[in-house]
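Reading through the structure tokens given below for one structure.
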Amino acid sequence: MTQPLLSLRSLSIRFGGLVAVDDVNFDLTPSHITCIIGPNGAGKSTLFNLITGIYRPTAGSVVLNGEDITGLPAHQVAAKGIARTFQSSRLFDDLSILDNVMIGMHARTKTGVLAALLRPRRSRRELDSCAEEAGHILQGLSNELYVRRYQPAGILPQADRRRLEVARALASKPKLILLDEPSSGMDDRDTADLVADIRRVMAENPGLSFLIIEHDMRLVAELPQDVIVIDYGKKIAQGKFAEVRLLPRVQQAYLGQKAVEDA
Ligand SMILES: Nc1ncnc2c1ncn2[C@@H]1O[C@H](COP(=O)(O)OP(=O)(O)OP(=O)(O)O)[C@@H](O)[C@H]1O
Ligand SMILES: [Mg+2]
């Protein structure tokens, strides 16, 4: 069996009396898309914060390619190959679209793109090659974003902001990209484009995996090879969406939220 890309082992975090993530175990394999679903407040984003070093777990471990990365600070986790987007958009609105992608390279460049942006002359050469590469990444995702690359990110509509965040995540050359509700604020067409974007990025980056928190069940039904269901911090099911959504405990978790039945 191939080594898992990421393993969560009995991962838990407690905030006072609340166990927000409770003894979660799963493995991700390379070149795979996995979706995480679950009701509001189930602990999905907290799980991402544990994987990416924003929170330190109360118990359990995070293992990346056989290496225990539990408790590493976020920038070190990023440098090891895990990139992410956040549930609420975190772009630098006043910086250009291109600069926003280049910031994603910060984790792996020598001088650091941030330093280079602040001290342009000292790091000119590295900056130039980063700009070229960032342009390439943008072009791969959307020619329109590429054409507009010198415009400020703040002018972009929601769907393009999400796309730009994916570009920024890609810029760190990650092995795993975590997307937290990437389709929020998107209409049907944008969501279909997002699915196409993810498929294309997968095809162009052998070995790259995605872990995607998603509330849009149509997207979940269409995209992933595997679905993990979280409820009250616990993993309550894992498998193919078509099977998982029929499980009584999953239906129960979504009681009052018609999402799984409708998909
Ligand atoms: N830093 C924190 N301190 C205290 N409680 C927290 C903290 N972060 C998250 N929580 C709590 O943990 C639980 C899980 O929150 P989380 O944001 O992970 O849910 P979620 O599944 O992402 O929900 P949603 O679908 O609404 O985004 C919630 O009850 C939340 O209030
Ligand atoms: Mg969340």
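Figures for the structure shown
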| item | result |
| --- | --- |
| Cα gyration tensor category, rounded, prolate or oblate, for region 24-74 with a/c compared to 1.5 | oblate |
| Highest-MSF residue in the chain out of 84, 199, 163 [GNM, Cα springs under 10 Å] | 199 |
| Stretchable slack from residue 15 to residue 247, in nm (0.36 nm times residue separation minus alpha-carbon distance) | 80.6 nm |
| Residue 221 paired with residue 40, simple spin-label distance in nm, labels 7 Å along Cα-to-beta-carbon | 2.3 nm |
| GNM top mover of 19, 77, 62 - the chain, alpha-carbon springs below 10 Å | 19 |
| Mean Cβ count within 10 Å, highest first, over the residues of peptides 41-49, 146-154 | 41-49, 146-154 |
| Cross-link partners of residue 44 among aspartates and glutamates (Cα-Cα below 15 Å; sequence separation of 8 or more within a chain) | 22, 23, 180, 181, 214, 216, 231 |
| Value of Rg/Rh across the chain [Cα atoms, Kirkwood radius] | 0.97 |
| Long-range HN-HN contacts of residue 230 with modeled amide H, under 5 Å | 37, 38, 236 |
| Nearest-20 debye value, the chain charge dipole, Cβ charges on Lys, Arg, Asp, Glu | 880 debye |
| FRET efficiency for residue 136 and residue 90, using Cβ-Cβ distance with R0 set to 25 Å, rounded to 0.05 | 0.65 |
| Backbone HN-Hα couplings from phi across region 4-9 [Karplus 6.51/-1.76/1.60, Hz, Gly and Pro as x] | x, 5, 9, 10, 9, 10 |
| Within region 182-212, backbone nitrogen closer than 14 Å to the virtual label 7 Å beyond the Cα of residue 31 toward Cβ | 202-210 |
| Interchain or long-range residues, amide H under 5 Å from residue 55's placed H | 50 |
| Extended-chain gain in nm, criterion 0.36 nm per residue less alpha-carbon gap, residue 67 and residue 23 | 13.9 nm |
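Throughout, read-outs are computed from the coordinates displayed, never taken from laboratory work. Keep in mind the model is a prediction, meaning the values are calculated, not measured. When we count neighbours, we look across all protein chains shown, and the Cβ atoms used for this are built from the backbone with ideal geometry, even at glycine.
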